[in-house]
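The values are calculated or read from the model by the stated rules, or taken from the named source; none is laboratory data. Worth saying up front: this structure is predicted, and the values here are computed from it rather than measured. Cβ atoms come from the backbone with ideal geometry, glycine included; neighbour counts cover every protein chain shown. When the accessible area is computed, the model is the full protein with side chains, heavy atoms only, and any ligands, DNA or RNA have been set aside. Shrake-Rupley method; radii C 1.70, N 1.55, O 1.52, S 1.80 Å.
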Amino acid sequence: MSPGRSGWASLALGTIGLIGCGLLVLLLTYRHNVRLDLSPQRTYTLSSHAKKILSDLPREVRLTVFVRSEDPRTPQLKDLLWRITQQTPRVTYEFIDLNRSPALARRYGIDRYGAVVVESGGRRRDVSNPSETLLMGALLAVTRDHERMVYFVTGHGERSPDDGDRKAGMSVAKSTLEDDQFVVRTLPLMRAESVPIDATVLVMAGPRKDYLPGEITQIEGYLHRGGNLLLLVDPETPSSIAAFAASLGVATPVDRVVVDPERRLAGGEAVTVMVADLLPSFLVSGTLESPPVFSYARPLEIIEPTATSTLAFLKTSSASSAVPENGVRAESGGRPTGPQIVGAAFYPAPERHGRLIVIGDSDFATNGIIDYLGNKDLLVNSINWLARDESLLAARAQSKEVGREQFFVTETQGAWSFWLATVLQPAIFFAVGFFVFLRRRRA
Amino acid sequence: MKTVALIRKELASYFAGPLVYVVVGAFLLATGYRFYTTLNSYVTFGFGINILENFWQDFFVNHIGFYLLIVVPLFTMRLIAEERRLGTIELLYTYPLRDTEIMLAKFAACLLIFLLFLAGTALYPAIVYAIQPFDPSPFLARYLGAVLFLASCIACGLFVSSLTDSQVVASSCTFVVLLLFWILTWNEAAVSSTFLTVLSQLSTFDHFFSFARGVIDLKDVTYFVLFIGLFLFLTLRSMESRRWRGRR
């Protein structure tokens, strides 16, 4: 063979071999990718909540995604589904171009771009604007066989899940619970004969008025039957509720508010505090990735604590103190009296078959601050623990905080950025270039 | 050692003339102007809640990435093609240097020059940081992506430059090849979804986009390393071919 021919043959073989090996390596890394997510909110990594749901999926789930070509949302969706399938082999997905397969879309009854049909075991759930949270909710809906009911007691000034007020309402809490496949209802105790038999968890979210003796009896009856209660108390919580809480094993000192100068919100008042001490061995607090933020919290005292049935799982820092409600301003910087209990859990006891959690604040679950740090997780974890669904206890995907990544550029800042980026920096290089040009010309 | 000496010689030849300064200045003028106007437009019109993340994503992919695509061929066209046209390549081959050393020196020197381009763009995050501090960690991914993409463009340009004596041909062909890899998946409607999946694994745009979001994926790093490796291999083979093709 001539040198030319053998040269070409060697070149062709070498190139084909290299491309083949390259493609093989590319395929391997595609299948076994390792990701380092440096985005500020770890947007491109599954939350531990999603990972738990996916690793515990009881059966196969099929996702059919209806998209259109060149939709800017499609790459994000593809990435999300790819992350899901990396986590579990039980989920499979297929992308269908709605414009190319209109008949298939009609068969599914889908006419919206970006819709995802989630199917498993003959059950189906459609998600029209898919996000990690909504997809996890749909996965739970099609793979779970029983409904979990959460009743919020109303009629005594409690915070309501039907209240959409942007500060005091609890509508965000409701939709978050619904994402976890809870059915959320309100319960006006005054008009009910007893707590419904299907109630998985009963929530008393910061009552402001006294309960009638008959209503307390209804709740006690529910607890004796093995019911589970989440009681959120505030400094304004009336004496009948304080007495009821004491009968359950937790005293709520009257007219006291927790202040924590060390863990107060930057620039805020001393009564808005970050809960410093989260019991790591308890699932509700141990799975929180960020501490919760309480505002105007009431301290709790556990009556006759026993290690087997009682847990103080949320405490403030050692710099905190419980001060009289009317002296908050004066004593906000006073002498610390040590960590204050603001969250306690009670396992079933001989006189009560259900589980109980008492938290010394109801504001943390309101629309105003539920998205702060670990607040949302604390609420949903508490309810999942009460519902004995420990598999769902984990940190959820953070919702994007409004304003966090938004910023304003003033007229002066805009002018500075223009002069620096567009004029000064290029001008330096042009000037050096001109100087070099002149020097070369002279030489 | 020989390679380092050759890199020094290459860098000295770059900085001896005004070309580098003028092109860096023009690049920074273009990116600086786009930075200022895009930032203003994002601030004015919002574009969703996560304005900064979207802004940097857009800025790195559509401006820095795209401008590099245009500027790189202007530098790589002269790497071998010019030396071949002027006949200085013959002189270079007479030195006791291996083809690998010559190729690596040219590649590394050009990459170092372009790092100067990228270093200039660091002013933009610094300006925004001065206005409102933010978490800078995603920039590690963004700049790693930019360096890998840049190295890929240079490797491709070096290969094309090794094929021809004409700088115009080298420059335009490099631009066409780079543009083709950049826009492979832009018209999603034109191909089937299966083929689109394959194309997206070959597209420089799709792999760079991932870095621009602040994510480092092993598959993207591997893609760019393989891209660089393939074109450097082809450049070496092209340089070696003078022995059996009987050309310079």
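Annotations for the structure displayed:
- Strands (runs of 3 or more DSSP E) contained entirely in region A:86-131, each with at least 3 residues that are in contact (Cβ under 8 Å) with a residue 60 or more places away in the chain, under 23 Å from A:Thr43 (Cα atoms) and open to solvent by 60 Å² or more (accessible area, probe 1.4 Å): none
- Candidates B:Phe35, B:Phe55, B:Phe27 - the one that is within 11 Å of chain A (Cβ to nearest Cβ), open to solvent by less than 30 Å² (accessible area, probe 1.4 Å) and more than 19 Å from B:Ala119 (Cβ to Cβ): B:Phe55
- A search for C-beta distances below 7 Å between a residue of region B:158-184 that is of a type in the set (Asp, Glu) and any residue that is part of a helix (DSSP H, G or I), counting only pairs 6+ apart in sequence or on different chains, returns B:Asp165/B:Ala81; B:Asp165/B:Arg84; B:Asp165/B:Arg85.
- Among residues of region A:293-323, those that are touching a residue at least 60 places away in the same chain (Cβ under 8 Å), in a loop (DSSP other than H, G, I, E, B), in contact with a helix residue (DSSP H, G or I) (Cβ under 7 Å, 6 or more places away or on another chain) and hydrophobic (A, V, I, L, M, F, W, C), counted: 0
Condition check ((1) farther than 29 Å from A:Val423 by Cβ; (2) in a helix (DSSP H, G or I)) across all residues:
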| site | (1), (2) |
| --- | --- |
| B:Leu79 | yes, no |
| B:Arg84 | yes, yes |
| B:Leu97 | yes, no |
| B:Thr100 | yes, yes |
| B:Met103 | yes, yes |
| B:Ala108 | yes, yes |
| B:Phe114 | no, yes |
| B:Ala126 | no, yes |
| B:Phe134 | no, no |
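- Residues within region B:84-143 that are farther than 17 Å from B:Ala212 by Cα, among the small types (Gly, Ala, Ser) and under 20 Å from the mean Cα position of the chain (by Cα), tallied: 4
- Only one of the listed residues (B:Val215, B:Val177) is at pLDDT 85 or above and closer than 20 Å to B:Tyr67 by Cβ. That residue is B:Val177.
- Tally of residues being open to solvent by 20 Å² or more (accessible area, probe 1.4 Å) and over 13 Å from B:Leu234 (Cα atoms) across region B:141-161: 4
Conditions (1) within 24 Å of A:Leu379 (Cβ to Cβ); (2) surrounded by fewer than 21 Cβ atoms within 10 Å (Cβ to Cβ), marked per residue:
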{"site": "A:Gly221", "(1), (2)": "no, yes"}
{"site": "A:Leu229", "(1), (2)": "yes, no"}
{"site": "A:Leu232", "(1), (2)": "yes, no"}
{"site": "A:Pro238", "(1), (2)": "yes, yes"}
{"site": "A:Ala245", "(1), (2)": "yes, no"}
{"site": "A:Val250", "(1), (2)": "yes, no"}
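- A:Val65 meets the conditions (1) buried (at least 16 other Cβ atoms within 10 Å of the Cβ); (2) touching a Lys or Arg at 6+ places or on another chain (Cβ under 8 Å); (3) more than 9 Å from chain B (Cβ to nearest Cβ) in every case but one. The failed one is (2).
- Members of region A:272-292 found to be in a helix (DSSP H, G or I) and open to solvent by 10 Å² or more (accessible area, probe 1.4 Å), listed by number: A:Leu283, A:Gly286
- Of residues in region A:163-212 being crowded, with 16+ Cβ neighbours inside 10 Å and in a helix (DSSP H, G or I), the one modelled with the lowest pLDDT: A:Asp179
- Count of region A:1-60 residues which are under 22 Å from the mean Cα position of the chain (by Cα), over 22 Å from B:Leu202 (Cβ atoms) and at the interface with chain B (Cβ under 9 Å from one of its Cβ atoms): 8
- When residues in region A:252-271 are screened for being surrounded by fewer than 17 Cβ atoms within 10 Å (Cβ to Cβ) and either more than 23 Å from A:Glu304 (Cβ to Cβ) or modelled with pLDDT of 90 or more (or both), 8 of them pass.
- Residue pairs meeting the criteria (Cβ under 7 Å; at least 6 apart or on separate chains; first more than 19 Å from A:Met136 (Cα to Cα), in region A:165-178; second open to solvent by less than 10 Å² (accessible area, probe 1.4 Å) and part of a helix (DSSP H, G or I)): A:Met170/A:Ala365
- Extreme residue, least open to solvent (accessible area, probe 1.4 Å), among residues of region A:20-57 that are in a helix (DSSP H, G or I) and touching a strand residue (DSSP E or B) at 6+ places or on another chain (Cβ under 9 Å): A:Leu54
- Taking the criterion of being touching a residue at least 12 places away in the same chain (Cβ under 8 Å) and out of contact with any strand residue (DSSP E or B) (no Cβ under 7 Å at 6 or more places or on another chain), the residues of region A:58-77 that qualify are A:Pro58, A:Asp71, A:Arg73.
- Across region B:66-87, not a single residue is classified as within 26 Å of B:Tyr21 (Cβ to Cβ), surrounded by fewer than 17 Cβ atoms within 10 Å (Cβ to Cβ) and of a type in the set (S, T, N, Q).
- Taken over region A:177-229, residues that are of a type in the set (S, T, N, Q) and more than 21 Å from A:Trp385 (Cα to Cα) amount to 3.
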